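All of the numbers you see were taken from the coordinates with simple rules; none came from a lab. Worth saying up front: this structure is predicted, and the values here are computed from it rather than measured. Here the Cβ positions follow ideal geometry from the backbone for every residue, glycine too, while neighbour counts run over all protein chains shown.
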Amino acid sequence: MLRKSKFVLFVLTIALILSQVSAFAADYTLEVAVNGVEETLKFSLDDLKAMPAEALIDEEYIYNSKTGEKTADVKGVSLKYLLKEKADIAFENGQVLFEASDGYPIDPQSLEDIFNDELKYVIAYEVNGEIIDNDENADTDDITVYRKVKQEGEFGTVYKLVNKIAVTEEEAPATEEPIETEEPADTDAEKVFTDITEEYKFAEEAIYALANKGIIDGMGDGLYAPQNPFTREQFCKIIIEALGYETKEYQGTFSDVTADRWSSVYVQAAFDNGLFVGNTDGTFLPEKIISRQEMAAVVARAAVASGKVAQEKLNKFVMEKSDYSDKDAVADWAGNSVAWLEAEEVFTGVAGENFEPAKDVNRAEAALVVFNALFK
């Protein structure tokens, strides 16, 4: 995050164009274009289905929904095969951005994950023996991207109505970089972000306040990417910066964090100051997207450390008195923190009737909660 990511001028865009024709003869075209190259590759739905056996996937996928764990028998084409064999993608480092035809935001994926044989990203054209119809329009073909579960209990493994995929190559530095990199803070100039849309206006004040303090950074080219997910290691950085703590030399505290990892000095500082704890198996899971209740626990500890609230007072706040409809879903270890932050109206704009404790945190929400808890 401390260094601006270097992107080469190689951008692959996959456009999934759905035409309005009959349900029985729906014409689907997948267009693959490489920046700077006039000729494009085009595949019909029949072309995809006729690809070699090694390109096709016909497997059961498990995913989580609000109603619990579900399974689906998925047929489609391997996204890895398409990018490597048909689009000739040779690089390994980069981001893959999915866009949905209905505008629903989809978290960016790493190219490393796309090429991971265990995750098996698939461009699905049939689910449970039926043609996909997520837009409730039988005259168009729908495409859904599925992937295998990466971490137990996670959401975000099904991406519906995908109509564009952009792949950007990133020059890999000598040391390990996070999936999501940020530019160094420039405290001498006011930040201006062009992608704070109406959907994220609730966090605009917080984003600019933290950005201009050098606590949180943009993504370069005037972008903040408010919809992007926020990981545990990234939250270590902004909470250490927000409290003005010094980074600490990494002591090998966690089995999955190495000394040359960009975040190791922030992870160590957060651990030493009691802001973050690891897992019972000795891991930290630096790339895991932080959940709302995890964020609440860390922010509450930071509020105690900064003198915003005494620990004794915070302990008096309990979920039994919470107004959230799903208060019973909040883990015991996060209860006091969530209850206090709720009373302080820290989550205004983030949580409504439900708190959704296990929900992934995005960049807009992370900025808002840190700002409301520590700077208002």
Exercise for review: Would you count, across segment 198-374, every pair of lysines whose alpha carbons are under 22 angstrom apart, provided the pair is eight or more residues apart or spans two chains?
Suggested key: 18
Study note, to complete from the structure: So residue 321 and residue 46, fully extended at 0.36 nm per residue minus their Cα-Cα distance, gain in nm 93.2 nm
**Study point:** Spin-label pair residue 249/residue 353, simplified geometry with 7 Å Cα→Cβ offset, distance in nm
**Key:** 5.5 nm
Point to revise | Ranked by how many other beta carbons lie within 10 Å on average, peptides 302-313, 261-272 from highest | key: 261-272, 302-313
Review point. When only alpha-carbon atoms count, how far does segment 218-376 stretch along each of its three principal axes, as whole angstroms with the largest first?
Key: 45, 38, 29
Exercise for review: Would you mind ranking 152, 294 by Cβ crowding within 10 Å, fewest neighbours first?
Suggested key: 152, 294
Revision key, fill the gap. Taking a crude spin-label model, label points 7 Å out from Cα along the C-beta direction, the residue 55 to residue 259 distance in nm is 4.7 nm
**Study point:** Rg(Cα) / (2.2 N^0.38 Å) computed for segment 252-323, rounded to two decimals
**Key:** 1.28
